[in-house]
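Next up is a structure, given as structure tokens.
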Amino acid sequence: MDCGTVKGLVEICLMHPLDVVKTRFQIQRGKTDPTSYKSLGDCFRTIFQREGLLGFYKGILPPVLAETPKRAVKFFTFEQYKKLLGYVSLPPGLQPSSFVQAQQIIKTGGLGFQGLNKGLTATLGRHGVFNMVYFGFYFNVKNILPVNKDPNLEFLRKFGIGLVSGTIASIINIPFDVAKSRIQGPQPVPGEIKYRTCFKTMATVYKEEGFLALYKGLLPKIMRLGPGGAVMLLVYEYVYAWLQDTVNHK
């Protein structure tokens, strides 16, 4: 297990409850929606009361299976390009539910864009925009701000840059996130598909609910990916340094 894998697993386990809350906000369609939450606190309280503690970890298996190796590949690839270009466990009750949901989706919609790959364009846009801003900001700013000799202050320097990187990237990419949630979530009228494509979904949300609707779930997203972004990069930085030191001493 490399440093990218470790940091991905740590970040997912710590921050998944905020991802659940963010998605719940994004799929509600205004105050008239019967599932509408009044505030962030109301959302946390309602999920806990109705679904218990495990309600905050619904759907954690897919990101663990997909995001952990993906982030390992992402950081490995970044390191290779940086050199090339000279640029300096789960509760058992959660496991069957994910596979059952996947089987149900494949059974009703198949493997295509109306089934298991529904919302693929929005997902690619979300990740592409986030990673571009996240990596670009962090490694450029980190190279501009001087390194601190005090290890505690150096830790805070990296944490602060990672926090700002995750926050800015979240603000810029959230319209794609809202589109993804609308496309993959329950449609307003059962049996009728309203949200089909990424940019058309954004346009529909903007037209019917206003500009701010494209930023639904921003607060829990920032609460997750602000510190989460810092945790990911810090774990990566320190595990990478440890691995480098281990290899150099062999």
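The values are calculated or read from the model by the stated rules, or taken from the named source; none is laboratory data. All of these numbers come straight from a predicted model, not from anything done at the bench. With ideal geometry, Cβ positions are generated from the backbone for all residues, glycine too; neighbour counts draw on all protein chains shown. We work out accessible area using only protein heavy atoms, side chains counted, and drop any ligands, DNA or RNA first. Shrake-Rupley method; radii C 1.70, N 1.55, O 1.52, S 1.80 Å.
Quick one: Val205 ticks every box in (1) over 23 Å from Arg24 (Cβ atoms); (2) open to solvent by less than 30 Å² (accessible area, probe 1.4 Å) except a single one, so which number is it?
Checking Val205 against (1) over 23 Å from Arg24 (Cβ atoms); (2) open to solvent by less than 30 Å² (accessible area, probe 1.4 Å), the one that fails is (1).
Among the numbered criteria (1) on the phi > 0 side of the Ramachandran plot; (2) open to solvent by 30 Å² or more (accessible area, probe 1.4 Å); (3) under 13 Å from the mean Cα position of the chain (by Cα), which one does Gly217 miss?
(2)
From the list Leu145, Leu124, pick out the single residue that is touching a helix residue (DSSP H, G or I) at 6+ places or on another chain (Cβ under 9 Å), open to solvent by 30 Å² or more (accessible area, probe 1.4 Å) and closer than 20 Å to Asp19 by Cβ.
Values: Leu145 fails: closer than 20 Å to Asp19 by Cβ.
Matching residue, one of Leu145, Leu124: Leu124.
Quick check on this structure: which one of Ile171, Ile161 is touching a Leu at 6+ places or on another chain (Cβ under 9 Å), open to solvent by 60 Å² or more (accessible area, probe 1.4 Å) and modelled with pLDDT of 90 or more? Let's see the steps before the verdict.
Numbers: Ile161 fails: open to solvent by 60 Å² or more (accessible area, probe 1.4 Å).
After applying the criteria, what remains is Ile171.
Right, next: Residue check: is Leu54 out of contact with any Cys (no Cβ under 7 Å at 6 or more places or on another chain) and either under 22 Å from Lys180 (Cα atoms) or modelled with pLDDT under 65 (or both)?
On the way: out of contact with any Cys (no Cβ under 7 Å at 6 or more places or on another chain): yes; either under 22 Å from Lys180 (Cα atoms) or modelled with pLDDT under 65 (or both): no.
No.
List pairs: first in segment 224-238 and more than 8 Å from Phe159 (Cα to Cα) and small (Gly, Ala, Ser), second in a helix (DSSP H, G or I) and open to solvent by 30 Å² or more (accessible area, probe 1.4 Å), Cβ under 9 Å, 6+ apart or cross-chain?
Gly226/Leu163; Gly226/Val164; Gly226/Thr167; Gly228/Leu14; Gly229/Leu163; Gly229/Val164; Gly229/Thr167
Assess whether Val189 counts as being open to solvent by 40 Å² or more (accessible area, probe 1.4 Å) and at pLDDT below 90.
So Val189 fits the description; yes.
If the requirement is being modelled with pLDDT under 90 and more than 23 Å from Phe135 (Cβ to Cβ), which of these qualifies: Lys216, Lys149, Lys207, Lys200?
Matching residue, one of Lys216, Lys149, Lys207, Lys200: Lys149.
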